[in-house]
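Peer 1: Following this message is one structure expressed as structure tokens.
The values are calculated or read from the model by the stated rules, or taken from the named source; none is laboratory data. Keep in mind it's a predicted model, so treat the numbers as computed, not measured. Here the Cβ positions follow ideal geometry from the backbone for every residue, glycine too, while neighbour counts run over all protein chains shown. Only protein heavy atoms, including side chains, enter the accessible area calculation; ligands, DNA and RNA are left aside. Shrake-Rupley method; radii C 1.70, N 1.55, O 1.52, S 1.80 Å.
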Amino acid sequence: MVSRYFTTPIYYVNDRPHIGHLYTTVITDVLARTHRLLGDDVRFLTGTDEHGQKLEKVAKAEGIDPIEVANRHVETFRALWERFDISNDDFIRTSDRTRHYPAVAEMVRRIAANGDLEVSRHEGWYCVGCEAFYPDKDLVDGNCPVHGYKPELQSEENVFFRLDRYQDRLLELYRERPDFVHPPTRLNEVRSFVEAGLKPLSVSRTAITWGIPFPGHEGHVVYVWLDALTNYISALGFPNDEAAEFRRFWPEAGGAGARAVHLVGKDILRFHAIFWPAFLMSAGLPVPSQVVAHGWWLRDSRKMSKSVGNVVRPDELVASFGSDALRWFLVAEMSFGQDASFSDEGFLTRYNADLANGVGNTLSRAVRMASDAFSGKTPAELCDDNDVLRAAEVQVAAWREALAGYRFEGATDAIRALVTAIDGYVTSKEPWKKVKAEGVTPALHRIHFSVLEGLRLAAVMLSPIAPKTAEEMLRRLGAPKAAADLREADLAWGGLPLSAPLTVGAPLFPRADAAAYFARKEKDVSDSTTPAPSPEVPAAAAPAAAPAAPEAPAEPARISVDEFFKADLRVGEIVAAEPVPKSKKLMKMSVKSGDEVRTIVGGIATAYTAEQLVGRKIVFVANLAPAKLMGIESNGMVLAASLPETGAPSLLMVDPSVPSGTRVK
Ligand code: ME8
């Protein structure tokens, strides 16, 4: 059994998490869950980075102790990870005086004992956002290359680590183990950086007090990166070299073949692929197995970050669609290693295509048909020679390969391909016709078995990515199992129990109406008198995520006639229309109502062309608060039926003789 140690970076505790942080954590969770499924001995660590100038500044401004600020924020992370089903085995805080401080002090002592520390004066540009010094040549127009603002010029006497002495050993490491950094293009960057020449690195600070005291240098605290990076071994029990966890999960620390993999964003690759192995080499400790770096989530072509002020606030998405939908989106949307852009539109399109129409619809249809044919049970006969089986074999292999190579999006491609193959099989076999023509035959059992078994396998493949959804799928398919209890054998064809109870339920992923979503979002924003509680991912106090698999919706609450009449419904005439650029769904319409002409943006472009709309009379809500959709202000909402199955809009018909502006009641 291989011991595998997966870590996320430890997050700066006073930054509210956004989807960039969520991405690193989700993909690490996907790896941990996948390897548990494959039977490996897995340990998954995350935590919080709590020292440094940033937090000290916040505490000073509030007049409180830094630990109080840290304690307040750490719960946001814990609650968020719980909400997103992050299955970490441990959570380390760098403010932990029992577990973490002794490890850092020991690292410093070992590095010092190796003769790699010396004191000298230091002046440089310090970016508080990065907690790092930058040489002049790395600044962009005098600003930090990551955060885009001017660093502070700081000067102090510091302890320096002789990083320059490790240049050759680092280059040897990259040469001997070219997979030390993944993807390979990132290794090239790291190598070039090292080849350009390394300088001694300042590893103590005197300008701050909120940190771990630097052994042997009173008045100095340990530089936050040396402190933070050590978390990966302090959580395993270092400085006790004999600690069971350290021996089991740190490569060469005892456990033969243990693999330690650090997942990071590309902005902190240098710290992990250069500084960290150099610190470890100096301390006489083995280096990790691999550093795997992903790209950035961008907004408006810039890295999403709190300091830039362009973070995505996916609160509405999670509240409306559940945490699994966002997990799926993050994994599927980013081509690993490259940057990706986040947009609500992109999210909704993928949600509808992959989840509502794809997995969700296919499951509902399959379970309903089989349940009708076999009185609520799975088929009584299995089938082991069919097109779904062949597709499943190919896609399970593709899924495994993708995850082994950190192509997370490849795993979602494989699931999508299997679901498409299942759909194609159902369409070609037409079981609904067969049952009518021939009744319940052994052939019918085999067809439905193939379909349901294919979906069971899709659920197992989905379990590391969208665990709640996978569990709900398995339950409905009569093969209930907790995601955490799935094993490699569950990836083999034939696991669907025969004649087991099926559960027909509400859609797993109800179709999203983009126009209604945006209107609601705008309304929420304009209605709120206080600022939204969190500018990023929902904080602990935000409402719980909608379950991925809601039970049958409750009957809608009734409203009084007075409440109904609050809606001012009018007949309008569309006098001009044009599709909104870069949107598949939105149509911009000029609607005449009496003497007035207003702009309404509606999600009907998939069903109507501009030509079909001009001259048409419609019913619209006239007193809706204005909402901005793709940057266009919409003043009202056209009424349309949402067709079953497809959700396609169908506009209400109005007798052409009714004058525009007429009230509808
Ligand atoms: O760097 N897109 O913590 P952190 C993708 N405390 N990933 C992003 C991102 C974005 N827009 N913004 C941030 C730290 N991240 C240190 C780590 S580890 C010993 C110390 C990722 O909270 C970023 O790349 O600023 C990193 O992987 C993680 O979020 C933590 O960022």
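Peer 1: Residue check: is residue 330 more than 16 Å from residue 6 (Cα to Cα), within 14 Å of the ligand (Cβ to nearest atom), assigned to a helix (DSSP H, G or I) and without any contact (Cβ under 8 Å) to a residue 24 or more places away in the chain?
Peer 2: Taking the combined requirement at face value, the residue does not satisfy it.
Peer 1: Here is a further query. Which ones in the range 125-143 are in contact (Cβ under 8 Å) with a residue 40 or more places away in the chain and among the small types (Gly, Ala, Ser)?
Peer 2: 129, 132
Peer 1: Moving on to the next point. Going through 83, 78 one at a time, which residue ends up being more than 23 Å from residue 290 (Cα to Cα), within 16 Å of the ligand (Cβ to nearest atom) and surrounded by fewer than 22 Cβ atoms within 10 Å (Cβ to Cβ)?
Peer 2: 78
Peer 1: Condition first: near the ligand (Cβ under 9 Å from one of its atoms) and of a type in the set (Phe, Trp, Tyr). Now tell me which residues in the range 256-298 satisfy that.
Peer 2: 271, 276, 296, 297 - these are the residues of the range 256-298 that are near the ligand (Cβ under 9 Å from one of its atoms) and of a type in the set (Phe, Trp, Tyr).
Peer 1: Oh, and also: Might you let me know whether the range 129-142 holds any residue that is within 16 Å of the ligand (Cβ to nearest atom), open to solvent by 30 Å² or more (accessible area, probe 1.4 Å) and at pLDDT below 95?
Peer 2: yes
Peer 1: Among the residues of the range 382-397, which ones are assigned to a helix (DSSP H, G or I), out of contact with any Leu (no Cβ under 7 Å at 6 or more places or on another chain) and not small (Gly, Ala, Ser)?
Peer 2: Passing the criteria: 387, 388, 389, 390, 393, 394.
Peer 1: If you scan the range 624-665, which residues turn out to be without any contact (Cβ under 8 Å) to a residue 40 or more places away in the chain and touching a helix residue (DSSP H, G or I) at 6+ places or on another chain (Cβ under 7 Å)?
Peer 2: none
Per-residue answers, yes or no, for (1) open to solvent by 60 Å² or more (accessible area, probe 1.4 Å); (2) touching a residue at least 12 places away in the same chain (Cβ under 8 Å):
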site: 456; (1), (2): no, yes
site: 472; (1), (2): no, yes
site: 481; (1), (2): yes, no
site: 488; (1), (2): yes, yes
site: 507; (1), (2): yes, yes
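Peer 1: For a quick check of your reading: which strands (runs of 3 or more DSSP E) sit entirely within the range 546-663 and have at least 1 residues that are modelled with pLDDT under 90 and in the same structural domain as residue 84 (by TED's automatic domain parsing)? Full working, then the answer.
Peer 2: Numbers: elements: 569-579, 587-593, 596-602, 617-621, 627-629, 632-634, 640-642, 649-651.
Ranges flagged: none.
Peer 1: Right, another one. Kindly indicate whether any position in the range 392-405 is among the basic types (Lys, Arg), modelled with pLDDT of 95 or more, surrounded by fewer than 22 Cβ atoms within 10 Å (Cβ to Cβ) and within 23 Å of residue 29 (Cα to Cα).
Peer 2: Taking every residue of the range 392-405 in turn, at least one turns out to be among the basic types (Lys, Arg), modelled with pLDDT of 95 or more, surrounded by fewer than 22 Cβ atoms within 10 Å (Cβ to Cβ) and within 23 Å of residue 29 (Cα to Cα).
For every residue, the table says whether it meets (1) farther than 22 Å from residue 26 by Cβ; (2) not assigned by TED's automatic domain parsing to the domain that holds residue 383.
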residue	(1), (2)
409	no, no
445	yes, no
461	no, no
475	yes, no
484	no, no
503	yes, yes
